[in-house]
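Read the structure below first, then the notes.
The values are calculated or read from the model by the stated rules, or taken from the named source; none is laboratory data. Not measured: the values here are computed from a predicted model. A quick note on method: Cβ atoms are made from the backbone with ideal geometry, for glycine too, and the neighbour counts reach across all protein chains shown.
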Amino acid sequence: MALKFVDELDLEDKKVLARFDFNVPLSPEGKITDTTRIDLALPTIKFILEAGCDKLILMSHLGRPKGEVKKEFSLEPVATYLADQLGEDVVLTESATDRGIKTLLELNETKIVLLENLRFHKEETANDHEFAKLLASYGDVYINDAFGTAHRKHASTYEINAFFKGNAAGGFLLKKEIDALSKIINKPEKPFIAITGGAKVSDKIKIIESLLVSVDSLIVGGAMAYPFLKAKGYKVGKSLCSDDDVELAKKLLMHQYASKILLPVDHIVSDSVEGNPETINDVNIPEDKMGLDIGPETLAVFCNKIDGAKTLLWNGPMGLFENAHYSKGTLGIAQAMSTDTGYTLVGGGDSVAAVKKSGLASKMNHVSTGGGASLEYIESGSLPGIQALKFGIN
């Protein structure tokens with residue numbers, strides 16, 4: 001069964017219940033510091049409104065309030081920003097279960113309603129059936145455009161599908177993500193190079209195992225490289241490196257395709273995170289130093305491998321890129337990818353932040369909004385929220 005999208009449903013005079021990912025970063029004063037996630041939702045929202053819906057009920061979470069009402073996680077800044085972008089009033093409810101919502105939805109003057117943070121209710125993350133049933137009662141049609149939460153079995157992304165058989169569809173952002181990630185999963189053009197970094201091997205072991213089968217080379221940088229280097233007998237000094245990750249790295253180095261793994265040959269180090277940078281022209285790191293970025297020779301080797309790739313996947317920085325002293329490796333990878341003529345996909349929170357910092361995001365074919373969801377999709381070929389949207393649930 002093919003997954004339906006928003007432009008395949010009749011939305012005229014319907015109450016449309018739509019799940020988005022408005023989990024935007026806020027300043028301590030409650031101002032949105034990056035509106036990207038809301039901006040990416042606007043095409044779907046505008047389409048629904050232009051299709052003549054009776055009401056549009058928007059749902060999202062924000063932050064991790066853990067089932068408690070916490071004012072700092074209110075969606076009020078999101079409601080204000082949406083109203084400004086759409087040129088229409090956006091009514092924010094007191095809660096997602098407010099008794100007044102049904103009445104609100106009968107008022108002619110109300111067009112767009114935003115439910116307050118779903119995660120103020122512990123039932124959301126518990127995938128509670130009755131909570132999903134109440135949410136479902138607000139709409140005739142359900143749209144899921146929250147790719148970033150589609151890997152979670154939550155009430156608003158999973159259980160809710162039980163109440164919309166034949167009346168559920170994906171939004172345009174969901175479609176864009178699926179189309180982009182399918183290029184990585186379904187016979188990617190060769191050479192296919194994956195670049196992975198970040199902190200922990202344990203967080204990405206499944207994706208690494210999955211990628212080793214399909215890639216031509218797997219570049220490993222950032223803190224993730226140190227357990228691999230230690231597992232191979234090299235010294236890593238005070239670098240971030242847990243015993244558990246070293247054991248996982250040893251297993252991966254025994255994989256039948258382990259020869260595809262490419263590791264750093266030199267490093268930018270310091271005696272602390274705040275310390276001054278020093279280049280070590282060797283694989284081994286002195287015992288009083290910690291690795292904080294890949295070295296210049298490693299960057300050259302990695303960029304040479306990237307050059308001419310037909311498919312490139314990047315997940316995870318090459319070092320502590322937030323500090324200018326240790327950003328050369330990460331920004332160098334971004335630069336190399338931006339000039340490659342193959343298909344380039346950036347997935348994962350830190351990689352997305354890095355590519356934005358580099359100013360080269362527009363040069364990539366796709367910058368995923370999904371973080372963990374994009375990795376899980378590559379690993380398994382689908383996500384619970386997408387499966388439920390496609391087939392419904394019993």
* To do: For residue 259, work out the one condition from (1) over 30 Å from residue 48 (Cα atoms); (2) under 21 Å from the mean Cα position of the chain (by Cα) it doesn't fulfil.
  => (2)
* Asked: Hey, does the stretch 147-159 have a residue that's outside any strand (DSSP E or B), farther than 25 Å from residue 65 by Cβ and more than 17 Å from the chain's Cα centre (by Cα)?
  -> no
* Is it true that residue 11 is within 19 Å of residue 93 (Cα to Cα), in contact with a helix residue (DSSP H, G or I) (Cβ under 7 Å, 6 or more places away or on another chain) and surrounded by 17 or more Cβ atoms within 10 Å (Cβ to Cβ)? -> no
* To do: Starting from the stretch 1-30, take each residue that is in a loop (DSSP other than H, G, I, E, B) and list its partners that are surrounded by fewer than 14 Cβ atoms within 10 Å (Cβ to Cβ), counting only C-beta distances under 6 angstrom and pairs at least six apart or across chains.
  => 12/52; 25/33; 25/34; 27/33
* Considering only the stretch 91-111, state which residues are without any contact (Cβ under 8 Å) to a residue 12 or more places away in the chain and of a type in the set (S, T, N, Q). => 103, 108
* Asked: Using beta carbons and a limit of 6 Å, which pairs, at least six apart or on different chains, have the first residue in the stretch 357-385 and free of Cβ contacts under 8 Å to residues at least 60 places away in the same chain and the second one of a type in the set (Ser, Thr, Tyr) and surrounded by fewer than 21 Cβ atoms within 10 Å (Cβ to Cβ)?
  -> 360/338; 363/338
* Any residue at all in the stretch 68-87 that is of a type in the set (Val, Ile, Thr) and more than 23 Å from residue 169 (Cβ to Cβ)? -> yes
* Structure fact -> Going through the stretch 181-230 in order, the residues found to be surrounded by fewer than 23 Cβ atoms within 10 Å (Cβ to Cβ) and among the small types (Gly, Ala, Ser) are 182, 198, 199, 202, 210, 214, 217
* Asked: Residues of the stretch 61-77 being surrounded by 11 or more Cβ atoms within 10 Å (Cβ to Cβ) and not in a helix (DSSP H, G or I), which ones?
  -> 61, 62, 63, 64, 65, 66, 67, 69, 70, 74, 75
* To do: Report yes if some residue within the stretch 108-123 is surrounded by 19 or more Cβ atoms within 10 Å (Cβ to Cβ), touching a Phe, Trp or Tyr at 6+ places or on another chain (Cβ under 8 Å) and aromatic (Phe, Trp, Tyr); otherwise report no.
  => yes
* To do: Quick one: in the stretch 262-289, of everything that is part of a strand (DSSP E or B) and under 30 Å from the mean Cα position of the chain (by Cα), which residue is nearest to residue 211 (Cα to Cα)?
  => 262
* Could you give me the residue pairs with C-beta distances under 9 Å whose first residue belongs to the stretch 112-138 and is at pLDDT 95 or above, whose second residue is in a helix (DSSP H, G or I) and among the hydroxyl-bearing types (Ser, Thr, Tyr) wherever it lies, and which are 6+ apart or on separate chains? => 118/125; 119/125
* **Those residues of the stretch 160-176 which are over 24 Å from residue 36 (Cα atoms) and part of a helix (DSSP H, G or I), in sequence order** => 160, 161, 162, 163
* Asked: What helices (runs of 4 or more DSSP H) lie completely within the stretch 290-394 and have 2 or more residues being over 20 Å from residue 170 (Cβ atoms) and of a type in the set (Gly, Ala, Ser)?
  -> 328-339, 349-358
* To do: Give the residues of the stretch 278-330 that are within 13 Å of residue 265 (Cα to Cα) and either among the basic types (Lys, Arg) or surrounded by fewer than 22 Cβ atoms within 10 Å (Cβ to Cβ) (or both), sorted by residue number.
  => 279, 280, 281, 282, 283, 284, 296, 297, 300, 301
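This table checks each residue for (1) out of contact with any strand residue (DSSP E or B) (no Cβ under 6 Å at 6 or more places or on another chain); (2) among the aromatic types (Phe, Trp, Tyr); (3) over 27 Å from residue 36 (Cα atoms); (4) not assigned by TED's automatic domain parsing to the domain that holds residue 266.
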position: 140; (1), (2), (3), (4): no, no, yes, yes
position: 181; (1), (2), (3), (4): yes, no, no, yes
position: 197; (1), (2), (3), (4): yes, no, no, no
position: 209; (1), (2), (3), (4): yes, no, yes, no
position: 218; (1), (2), (3), (4): no, no, yes, no
position: 230; (1), (2), (3), (4): no, no, yes, no
position: 243; (1), (2), (3), (4): yes, no, yes, no
* Asked: What is the residue count in the stretch 363-394 for residues that are β-branched (Val, Ile, Thr) and more than 18 Å from residue 158 (Cβ to Cβ)?
  -> 3
* Asked: Has the stretch 322-335 got any residue that is of a type in the set (A, V, I, L, M) and closer than 25 Å to residue 379 by Cα?
  -> yes
* Quick one: count up the residues across the stretch 89-104 that are at pLDDT 95 or above and not in a helix (DSSP H, G or I). => 9
* Structure fact -> Being modelled with pLDDT of 95 or more and not in a loop (DSSP other than H, G, I, E, B) narrows 229, 212, 181 down to just 229
* Structure fact -> Subset of the stretch 379-394, residues touching a Ser or Thr at 6+ places or on another chain (Cβ under 7 Å) and surrounded by 20 or more Cβ atoms within 10 Å (Cβ to Cβ), comes to 385
